[in-house]
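The values are calculated or read from the model by the stated rules, or taken from the named source; none is laboratory data. Being a predicted model, the structure only gives us computed values, none of them experimental. All Cβ positions, glycine included, derive from the backbone under ideal geometry; neighbour counts span all protein chains shown. Protein only, heavy atoms only, side chains kept; ligands, DNA and RNA dropped before computing areas. Shrake-Rupley method; radii C 1.70, N 1.55, O 1.52, S 1.80 Å.
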Amino acid sequence: MHQPEALQRIIDVYFREPSRTEAVKASTQVLTQGGFNDRLYWVKKGELSGYLTNETSGMTAKVFHVQQGMFVGVNSFFSKTLMSSTTVIAEKDSEIAWIDMSTSAVDTEQY
């Protein structure tokens, strides 16, 4: 997938660290609706989907699907609520990388 240059730099600098990369098996729950999340995930390989459960009716709906090169956890990470709005599950074996609130900025003078 071709990325704009600025986005590709962010991926290369922040999401290539092996210690912040994880293989997840199909059916693995990565985030829980209403649960704590201080990570922004980037999908290196695979596919994940987000599910939203209505607390009143108990009905669950698939509300998004992400694949290689896309991000998950955007809302909770950037809004600083640190609370996941959906349950995110790996649809097939996947590999995800992340940054969290303790990840240091790189090359702040230039960027």
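In the chain, the inverse of the mean reciprocal separation of distinct Cα atoms equals 14.7 Å; this is its Kirkwood hydrodynamic radius.
Of all the accessible heavy-atom surface of the chain, with the other protein chains kept in place and a 1.4 Å probe, what percent is carbon and sulfur?
In the chain, the share of accessible area belonging to carbon and sulfur is 53 percent.
Note on THR21 and THR56: the model spin-label points, each 7 Å out from Cα along the C-beta direction, lie 4.6 nm apart.
Amide hydrogen proximity for GLU95: with H placed 1.01 Å from N in the peptide plane, the residues at 5 or more positions away or on another chain lying under 5 Å are VAL24, LYS44, LYS45, GLY46. Compute the long axis of helix 5-14 from its Cα atoms, compare it with the longest principal axis of the Cα atoms of the chain, and write down the angle in degrees, 0 to 90, nearest 10. Once rounded, one gets 80 degrees.
Percent relative contact order of the chain, based on C-alpha pairs within less than 8 angstrom and at least six residues apart? Don't skip to the answer; put the middle values down first.
Details: 218 pairs, mean separation 43.8, N = 111.
With pairs under 8 Å counted, the relative contact order is 39 percent.
Here the sum of -39500 (n - 2.57) over DSSP H runs of 4 or more residues, divided by the residues of the chain, equals -4000 deg cm²/dmol at 222 nm, to the nearest 500. Residues of region 55-70 with an amide N closer than 11 Å to a point placed 7 Å from the Cα of LEU7 along the Cα-to-Cβ direction: 69-70.
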